[in-house]
Each structure stands twice: as C-alpha cells, then as structure tokens.
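Here is the structure we will look at, set down as structure tokens.
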Amino acid sequence: MKTIALVGNPNSGKTTIFNALTGANQHVGNWPGVTVEKKEGVLTFQKEKYRIVDLPGTYSLGAYSEDEMVARDFILIDQPDVVINVVDATNIERNLYLTTQLLEMGTKVIVALNMMDEAEGKKIRIDVEKLSKGLGIPVVPTIASKKNGIEKLIEKSIETINKKQSFQNKIRYGKEIEEQIEIVKELLDSLSLNTKYPYEWLALKLLENDSYIHEMIRNGAESKILGRVQESIDQVAATMMEPELIIVDKRYEFIRHVVKESVKKPNEEVVTKSDRIDKILTHKWLGLPIFALIMLIVYQLTFTIGQDLFGEMVAGGMEVLGEKVALLLINANAPELLVAFISDGLFGGVGAVLEFVPLIMVMYFFIGILEDSGYMARAAYVMDRIMRSLGLHGKTFISMLVGVGCNVPGIMATRTLDSKKDRMIAMLINPFISCGARLPIYLVFIAAFFPKHGGLVLFSLYVFGFLIALLMGKIFSKTLFKGETSYFIMELPPYRMPTIKGILLHMWDKVSSFLKRAGTVIFTVVTILWVLSVLPYGVEPHSSASILGRIGSFIAPIFKPAGFGTWQASVGLFAGIVAKEAVVATLGMVYAGVEEGPGLIMAIQEAFTPLTAVSFMVMTLLYTPCAAVIGTIRRETNSRKWAIFTALYTFLVGWIAAVLIFQVGRFFGLS
Amino acid sequence: MNIPLLFFTEGEKGIVNTIMGGQKIHKRLFEMGLNTGSEVQVIKNDAGPIIISLGGCKVALGRGLAQKIIMSRG
C-alpha cells in the first residue's frame, strides 16, 4: 500500500483534511517509543487503497520537540510516497516556512492550499499557478470544511506518487553557506555513515546547529568531522552571522520572493467577524467572567443532557438487562456463583460504569466545540494574567483544560511549554484536574445527596481542583523550581464554525477508549476484586469477613478522620489507583448485596452523610492519580523519582483536604 | 526610531528591526513568522499578553517577550 503523509501548522485545517480523506476509517495510537499521538487511516480511491498518516501539527521541522522529531523522522526514514503539506491560505508566509523545510528534505511534496474561502473573505488573492511555479511543486486549493478540492488533491497526490523524480529545492542560501554545505557534504560522502538521512540535508542541518543531528554524529564513529563543521560555522559567523540564523533568514527570503509574485493582499486589513468577537471575549475585564460563565454552562448542560436525559435511560436499560440475564441463567440451572458474579460483579460493577457513557459523550461534545471553534486559545490568553501572577505560564492552563478530559493527554499537552521549569510544574499539578473518569464518582454521590444542585456541585468540584492545582503550582514555582524566566507565545486562530463530523469523530475517539478501558482494565479489576470479596469460601459474599473486606478494614482507619473510614470506601479508593473508573464499579459491587434495584445510590445514602459525601468526593478529586497517569509522568519526566513523588504528594493533599472538610464541617454542626 | 514592541499602542503598525535575547528565542520567533523585516500591527495592548496581527494571523506575545522585540515605526 502506498503511503501519503499529512504535515502542516497547528490550526491549518490538517485534521479536517485528514477526516475528509479517511472518513471514519481511522484509528489513533502512539508513535513507537514516544507518547506523541499517531493517527492513521485508509483512503480508497478508484479501487486502490492508500495509507494516510497524519503527522503532528508543527511550525517547523527542527529538533525542539518530540512532535517535530516524529514528523521529520517519518518523512526521512519511513519515506512516505508523497507528503501533503496543508497550508493556511490566510497566513501563507508563515505556513510556507514548513514547506521550505520539506523542500530541503528532497521529498515529494504537494501543497494543499486550505481555507481558500477565508482568504477570499479577507480579500487575499492568490495566483495558484504562480505559487506552484515559484515553489516548484504542485499546489491544490481546497476548502476542507466544505470538502472542496479534496478530489483534486487526491488525484494530484497519486499523480505525484507515480512521478519518477522528486522536486528540486529552489532555495538559495547565499554563496558563503552553499560553499560550506558543499564542503561538509563532500566530507560526509567520503565517510560511510550508518544513516538513512540524505547527505545534503545532513550538511545543512549540521551547519544549522541542529542539536539532534550533532548528537547523532557525535555518538557515531565519525565524530571527528564535527570539528570541521565547527570550522565552517565559525568561518561564516566571522564574516556574517551565525549560519543558523542566516539559513532561517534565507528561507524567509525565498518565501517572500514567491509570495510577492503570487499573492495580493489588501492594504488595509479587513476587520473580520473574528476580530469583533475577540474584542469581547478577550476583553480586559469581561474576558474572565465570560470564560467562567461558559464553563458553568458547559457543566450544567453536560449534567442535564448527559445524565438526566440519556444516562438514566442507559441505567434503566442496564437494570432490565441485568435482571433478564440473571433470570435466564437461573432458569438454565447455572451455578449460583456464576449468577452472582454476572449480576453483582458484571452488571453491578462494569454496568455502573457504562451508565456514564452518555455523560462523557456530552462532555466531550462540548469540549470539542470549545477546541474546534478556537475558544481554547482565548481561554489560555485570558488566564495568562492570573497564571503569571502565580509564577506559572499561560499555556499551563491549556494543559489543565485538556486534563479535564483525561490527565494523560493533559500531561502530554505540557510539551508545548518551552522551559523545563514550566513544564515540570504543569505536569506535577495536572492530576488535580478532575478527569472524565472521576466524573461517575461525583455523579453517584450527587444523585444520592444533592440531586437538585447537581450542576453547581459538579462545577464547584472542578473549580476546587483547579484552585488546588494553581496553589500547588505557586508553591512549586517558589520552592522546587526557582529561577528561569520563560516566554509566552501562542497563536490565536480565527473563530471557526466547528463541523459536526469533526466533533463527532473527536467524541468517538474518547468514548471508544473509555469503553475499551471498561472492557479491559476495569473488567479485570472488578473480576479480581469480586473474587477477593467472596473468598475465603463459605464467608458471606461482599462482607467485611471476606479477603477484600479484611484488606479494606486494614486500610480504613487512615480515612477515619475524614469521615469515611469504612472498608468499602477504602477498597473503592484502592481500586481507583488502578483506574478511576473502577471506584464506582467497585462500590457498585461491594454494595450490590445490600439492595436491589438502584441499590448503589440507596446504599450510599445509608453509608454516607452529606458531609462525608463531600469529603469523599474531594478525596477522589485530589488523591493519587490512576496508574496510567503515573506512568505518563514517569515517561515524560524520564524519572521514577518524580512519578513516585506525584503519587505520594497528591495522596497527602487529598487526605488533608478531606480531613479538613470533615472536621471543619463537623465543628460547625454539619453532618 | 526604534522602540520595543511593548510600547506600541493599539492599532499601531511597525516593522521588526532586531530581536534581543538568545538564539533559542530568536529561532522560535522566526518560525512563528516574526523575523526581521516582517510587518506587525498591535491589536491589543492592555494588561495581559500583547496581541499582534502578523501576516493575517493573530499571535499573543508575553509582555517580557514583547520588550525584546525592537521595532521601527512604520
């Protein structure tokens, strides 16, 4: 199968083109060895199948971040048959910077000149023919959101795949640089390097001081040529300036030359709808309250639609199904233990988790709208002022917002932070952001004690998580990671109408991974815990006399000061360290014997009080994140120490908060 | 006259003259399209990061960074 790779700047509409090419025929995974998301799909065109690989969105193909490395290694080493470079027509100069780097790689590349409609709206006129000639590669205008030009893009890609020759790099770096490139290249030619990178490109990168390539050569057998490279660099630097800056400058010179010939922009920039919306949403005083209001509405709607409307439908369905299956098994004379396992363990446990699928879907639906419409970047902008005053970087807030979905991508989103200090802090505080998996826990307790104020309670919990994260961030920036200044730079993409398809795909992505976890990790945890809860043989199932009950009873005293020192609650929290979804599943199972029907909620009403419900919810909000998150922190910090530190300090923070709430509440006579 | 971008008022236009600071900042800004000679218009400059219009797209820059970008008034 031939491979087509997609590259482009963030916000260039790359994902929309990817969706248009592959439809639902796509899957998301990870690049081997790193945690960068890998998206792949299959395109069928004229009965031929093509593999489409969506590379991470980057501004450049340097060696700054894993994203950039993944993209450039894929192009140079995996050698796709053609690269589609998605270029935002409204911002052509900057987008073409990436294109120049692709040209340098000597790969077969075609440009998808996207968002032509928006360019038109801004009165930007582009002569596609001239642009293509200037760059020396094919250019296809597209409007991905309306599927305009996609067919043409596919045809052009296939035509390019079948061409024998790749394109010529037309960028001129000036006599001084080109001489040195030639010298270094000859030097490389004379050696037998063990690399798949083309030598001309290697020479350019060496002069550009690319840290990764330097490292690679240094570790190789031919490290002595680095001395000669440094000589070249010094030689140029002595007469002009650092070669790396000259090279970047020359790329822009090339771009300016090409754009001058082919693009006409109006003298006065058109005031767009985006500008007018921004006047309000990024307003000095209004920005923050509006942001808070939007989030409150999102949580309230999520609750009403996801829980009250659909969630209860699923819950009712599960209940009926559970009873039917149990009846069927009893009629078939199935062993009693099996019936108990299926009805208590599976339907009581895993089923309790499934009830929250609609809610998670609705939640991601809204987060998808916020992301795709371009509002997320504004939220980071609006929050930067507050974040600054706490000694944190504005982008930290984006990683926190992503963490609302799941802390794993939240922690990965900290990669956009350039300074190590900012990044470490952002990673360490991310677990306090309440993820989607913790949602079911609150919902059960809200249904039991605060059914009338669900949205508000939920919103307060999320806000509390954010506040604790910010507080810890401030403490960390004052103690553990002092010094180091960092800079804030971020693109604010224009507002766009999100497409239903894009949001649904995004939503399906998350929900399917949730379902997968429900089917694997949570199923396993529930099974093991269920077995432990009926052993030793002969003991009353799900009682404190079972092995599980004894383990729980052993831990329980720790939680006594927080008001929920029962073995059931302890076991639930214990399961939550494996996966947060397992908390409700476990509670569902250990309480399942208590009542029939909506047993869990009634059992919780008996076992907890409003006050202990709050302290338990706060505990689950803050305490040790799940194993996947700890693993991600371990990988991203490349240190076991920080992973263990996170697991322990979050537990401590959660415990202290829960104890304080219970003790202070009791002091004021609450129960 | 050359002054830092930070002191531009809303609506004011200018051309990037030099960028102070290390090569890392230099390159990052270059990649975002903020290189010597590029035209910049300040859209917002109040309390938070400065918002500029750069080749038709909007970029938010921290105030510290905006002080390091030396502009000539256009």
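Answer yes or no: is there a residue in the range A:412-425 that is hydrophobic (A, V, I, L, M, F, W, C), at pLDDT 85 or above and within 19 Å of the chain's Cα centre (by Cα).
Within the range A:412-425, one or more residues are hydrophobic (A, V, I, L, M, F, W, C), at pLDDT 85 or above and within 19 Å of the chain's Cα centre (by Cα).
Filtering the range A:208-251 down to residues that are touching a Ser or Thr at 6+ places or on another chain (Cβ under 8 Å) and within 14 Å of chain B (Cβ to nearest Cβ), which residue is farthest from A:Ile92 (Cα to Cα)?
A:Pro243
Given the condition in contact (Cβ under 8 Å) with a residue 40 or more places away in the chain and in a helix (DSSP H, G or I), answer yes or no: does some residue in the range A:550-558 qualify?
Yes, there is a match, as at least one residue in the range A:550-558 is in contact (Cβ under 8 Å) with a residue 40 or more places away in the chain and in a helix (DSSP H, G or I).
Count, please, the residues in the range A:479-496 that happen to be at pLDDT below 85 and more than 14 Å from chain B (Cβ to nearest Cβ).
Counting residues in the range A:479-496 that are at pLDDT below 85 and more than 14 Å from chain B (Cβ to nearest Cβ) gives 4.
From the list A:Ser145, A:Ser192, A:Ser132, A:Ser157, pick out the single residue that is not aromatic (Phe, Trp, Tyr) and not assigned by TED's automatic domain parsing to the domain that holds A:Asp73.
Every option except A:Ser192 fails the conditions.
If you scan the range A:612-643, which residues turn out to be surrounded by fewer than 19 Cβ atoms within 10 Å (Cβ to Cβ) and of a type in the set (Ser, Thr, Tyr)?
A:Ser639
With the requirement that a residue be of a type outside the set (Phe, Trp, Tyr) and farther than 14 Å from A:Pro561 by Cα, what does the range A:654-670 give you?
Hits for the range A:654-670 are A:Gly669, A:Leu670.
Would you check if there is a residue in the range A:497-514 being outside any helix (DSSP H, G or I), away from chain B (no Cβ under 14 Å), free of Cβ contacts under 8 Å to residues at least 40 places away in the same chain and farther than 24 Å from A:Asp88 by Cβ?
Scanning the range A:497-514 turns up no residue that is outside any helix (DSSP H, G or I), away from chain B (no Cβ under 14 Å), free of Cβ contacts under 8 Å to residues at least 40 places away in the same chain and farther than 24 Å from A:Asp88 by Cβ.
Has the range A:515-534 got any residue that is at pLDDT below 85, outside any helix (DSSP H, G or I) and either within 14 Å of chain B (Cβ to nearest Cβ) or surrounded by fewer than 17 Cβ atoms within 10 Å (Cβ to Cβ) (or both)?
There is no residue in the range A:515-534 that is at pLDDT below 85, outside any helix (DSSP H, G or I) and either within 14 Å of chain B (Cβ to nearest Cβ) or surrounded by fewer than 17 Cβ atoms within 10 Å (Cβ to Cβ) (or both).
I need the full set of residues from the range A:79-96 which are more than 19 Å from A:Ile143 (Cβ to Cβ) and within 8 Å of chain B (Cβ to nearest Cβ), in order please.
A:Glu93, A:Arg94
For the range A:85-95, indicate whether the set of residues that are modelled with pLDDT of 90 or more and of a type in the set (S, T, N, Q) is non-empty.
Yes, the range A:85-95 contains at least one residue that is modelled with pLDDT of 90 or more and of a type in the set (S, T, N, Q).
Suppose we keep only residues that are assigned to a helix (DSSP H, G or I) and within 14 Å of chain B (Cβ to nearest Cβ) within the range A:118-137. Which one would you say is farthest from A:Phe254 (Cα to Cα)?
So the residue we want is A:Gly121.
For the range A:105-118, what are the residues that are modelled with pLDDT of 90 or more and either in contact with a Leu (Cβ under 9 Å, 6 or more places away or on another chain) or assigned by TED's automatic domain parsing to the domain that holds A:His257 (or both)?
A:Val109, A:Ile110, A:Val111, A:Ala112, A:Leu113
Would a scan of the range A:362-378 turn up a residue that is touching a Pro at 6+ places or on another chain (Cβ under 9 Å) and β-branched (Val, Ile, Thr)?
Yes, because at least one residue in the range A:362-378 is touching a Pro at 6+ places or on another chain (Cβ under 9 Å) and β-branched (Val, Ile, Thr).
Only strands (runs of 3 or more DSSP E) wholly contained in the range B:15-66 count here; list those with 3 or more residues that are facing chain A (nearest Cβ under 7 Å).
Passing ranges, in order: B:57-61.
Can you find, within the range A:274-295, the residue that is surrounded by the fewest Cβ atoms within 10 Å (Cβ to Cβ) among those that are part of a loop (DSSP other than H, G, I, E, B) and out of contact with any strand residue (DSSP E or B) (no Cβ under 8 Å at 6 or more places or on another chain)?
Step by step, filter the range A:274-295, then rank; the result is A:Trp285.
Across the range A:145-166, which residue is nearest to A:Ser132 (Cα to Cα) among those that are among the charged types (D, E, K, R) and part of a helix (DSSP H, G or I)?
Of everything passing the filter in the range A:145-166, A:Lys156 is nearest to A:Ser132 (Cα to Cα).
Which of the following residues is out of contact with any Phe, Trp or Tyr (no Cβ under 8 Å at 6 or more places or on another chain), closer than 23 Å to A:Tyr97 by Cβ and in a loop (DSSP other than H, G, I, E, B): A:Asn194, A:Asn169?
It is A:Asn169.
Could you check, for the range A:253-268, whether at least one of its residues is more than 10 Å from every other protein chain (Cβ to nearest Cβ), at pLDDT below 90 and surrounded by 14 or more Cβ atoms within 10 Å (Cβ to Cβ)?
For the range A:253-268, residues more than 10 Å from every other protein chain (Cβ to nearest Cβ), at pLDDT below 90 and surrounded by 14 or more Cβ atoms within 10 Å (Cβ to Cβ): absent.
If only one of A:Leu135, A:Leu153, A:Leu131 is within 30 Å of A:Val271 (Cβ to Cβ), in contact with a Leu (Cβ under 9 Å, 6 or more places away or on another chain) and crowded, with 17+ Cβ neighbours inside 10 Å, which one is it?
So the residue among A:Leu135, A:Leu153, A:Leu131 that is within 30 Å of A:Val271 (Cβ to Cβ), in contact with a Leu (Cβ under 9 Å, 6 or more places away or on another chain) and crowded, with 17+ Cβ neighbours inside 10 Å is A:Leu131.
Test A:Lys108 against the criterion of being free of Cβ contacts under 8 Å to residues at least 60 places away in the same chain and under 17 Å from A:Ser132 (Cβ atoms), and give yes or no.
In short, yes.
Residue-by-condition table, conditions (1) of a type in the set (D, E, K, R); (2) modelled with pLDDT under 80:
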| residue | (1), (2) |
| --- | --- |
| A:Val298 | no, no |
| A:Leu328 | no, no |
| A:Leu354 | no, yes |
| A:Asp372 | yes, no |
| A:Met376 | no, no |
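Restricting to the range A:644-658, name every residue that is crowded, with 18+ Cβ neighbours inside 10 Å and among the aliphatic types (A, V, I, L, M).
Listed by number, the residues that qualify are A:Ala647, A:Val653, A:Ala657, A:Ala658.
Filtering the range A:132-147 down to residues that are touching a strand residue (DSSP E or B) at 6+ places or on another chain (Cβ under 8 Å) and of a type outside the set (Gly, Ala, Ser), which residue is farthest from A:Asn169 (Cα to Cα)?
Per the criteria, the residue is A:Ile143.
I'd like to verify a number: residues in the range A:372-422 that are away from chain B (no Cβ under 11 Å) and either surrounded by 24 or more Cβ atoms within 10 Å (Cβ to Cβ) or within 30 Å of A:Asn19 (Cβ to Cβ) (or both), how many?
Within the range A:372-422, residues that are away from chain B (no Cβ under 11 Å) and either surrounded by 24 or more Cβ atoms within 10 Å (Cβ to Cβ) or within 30 Å of A:Asn19 (Cβ to Cβ) (or both) number 29.
List the residue pairs whose Cβ atoms are under 6 Å apart, where the first residue sits in the range A:75-96 and is assigned to a strand (DSSP E or B), the second is modelled with pLDDT under 95 and of a type in the set (Lys, Arg), and the two are 6 or more positions apart or on different chains.
A:Val82/A:Lys108; A:Val86/A:Lys14
The values are calculated or read from the model by the stated rules, or taken from the named source; none is laboratory data. Because the structure is predicted, anything quoted here is derived from the model rather than measured. Note that each Cβ is placed from the backbone with ideal geometry, even for glycine, and that neighbours are counted across all protein chains shown.
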